[in-house]
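Remarks on the structure that follows.
The values are calculated or read from the model by the stated rules, or taken from the named source; none is laboratory data. The model shown is predicted, which means the values in this text are computed figures rather than measured ones. Heads up, the Cβs are rebuilt from the backbone with ideal geometry, glycines too, and the neighbour counts pull from every protein chain shown. We work out accessible area using only protein heavy atoms, side chains counted, and drop any ligands, DNA or RNA first. Shrake-Rupley method; radii C 1.70, N 1.55, O 1.52, S 1.80 Å.
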Amino acid sequence: MPTTVFSKSPEALLSFTTNTATTLLPCSSLRTKKCQQLPPLNEFIANVFQRSRLSPCVCLVSLIYLQRLKTGLPSHARGDMDTPYRLFLAAIMTASKFLSETGTCLTSQSIVMMTDYIYTPKDINLMERSFLGLIKYNLFVNVESIKEYLNIHGKTLEMDLIEDVLDQQYHL
């Protein structure tokens, strides 16, 4: 049965995504040259959301991937100041590719442009490969996984899963 993820509040999704990316692992406060070019994380994520026009489903699957990453990280894992930015980008790119049926997924080049060339295509490709390794290529997300995630975080995210009622009428 077809289902759709519906977001009631883009602001809640932005806030939750920013908080998720920020709390993945402890990060250094050392500002490298690249980090000096980065806006605050919430502005960065808002800009990527706006420019990419990601569906709520891609955003939700990327959050599920970030949760998988967090639960799989060793307790001693540490990141650089821009690690939350990199993990966020890798998660949305991976989710976009996983859910793409029409070839409309995000590409390295589109992310480079969305981030105003702060990262190169080579950087983006490395982020994606590293991310896939960290989540052990555990990409499959079914409707049950989405329902479980929304049961826990749906109120905060202000998201729902809507099952196609019209489709149900024809299967009575």
(message) Can you give the FRET efficiency to the nearest 0.05 for Thr120 and Gln36, using r as the Cβ-Cβ distance and R₀ = 25 Å?
(response) 0.90
(message) Explain nothing, just the number: relative contact order of the stretch 76-132, from Cα pairs under 8 Å at least 6 residues apart, as a whole percent.
(response) 39
(message) Loop only by DSSP, 12 or fewer other Cβ within 10 Å of the Cβ. Give me the trypsin sites (Lys or Arg not before Pro) in the stretch 68-130 that pass, ordered by residue number.
(response) Arg78
(request) Report P(r) for the stretch 67-168: all Cα-Cα distances, bin width 10 Å, range 0 to the bin holding the largest distance, values in whole percent. (result) 12, 37, 35, 13, 2
(request) For the stretch 127-155 and the stretch 68-87, write down the distance between their C-alpha centroids in whole Å. (result) 15
(request) Mind checking the stretch 79-146 for GluC sites (Glu not before Pro) that DSSP puts in a loop (not H, G, I, E or B) and that have at most 15 other Cβ atoms within 10 Å? (result) Glu101
(request) Describe numerically, in nm with one decimal, the distance between label points set 7 Å from Cα along Cα→Cβ at Phe98 and at Leu150. (result) 1.6
(message) Once you keep just the Cα pairs under 8 angstrom separated by 6 or more residues, what percentage relative contact order results for the stretch 1-113?
(response) 35
(message) Leaving out ligands and nucleic acids, and using a 1.4 Å probe, what accessible area per residue does the stretch 22-134 come to in Å²?
(response) 51
(message) Given the -39500 (n - 2.57) contribution per DSSP H run of 4+ residues, what per-residue ellipticity at 222 nm results for the chain, rounded to the nearest 500 deg cm²/dmol?
(response) -18500 deg cm²/dmol
(request) With a point put 7 Å past each Cα toward its Cβ, work out how far Ser9 is from Ser28 in nm, to one decimal. (result) 3.7
(request) Would you mind counting up the charge near Leu41? Only other residues with Cβ under 12 Å from its Cβ, with Lys and Arg at +1 and Asp and Glu at -1. (result) -1
(message) Among Thr156, Thr115, Thr104, which one shows the highest mean-square fluctuation when the chain is modelled as a Gaussian network with alpha-carbon springs under 10 Å?
(response) Thr104
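What does the convex hull of the alpha-carbon atoms of the chain project to on average, in nm²?
Across all orientations, the chain yields a mean hull projection of 10.6 nm².
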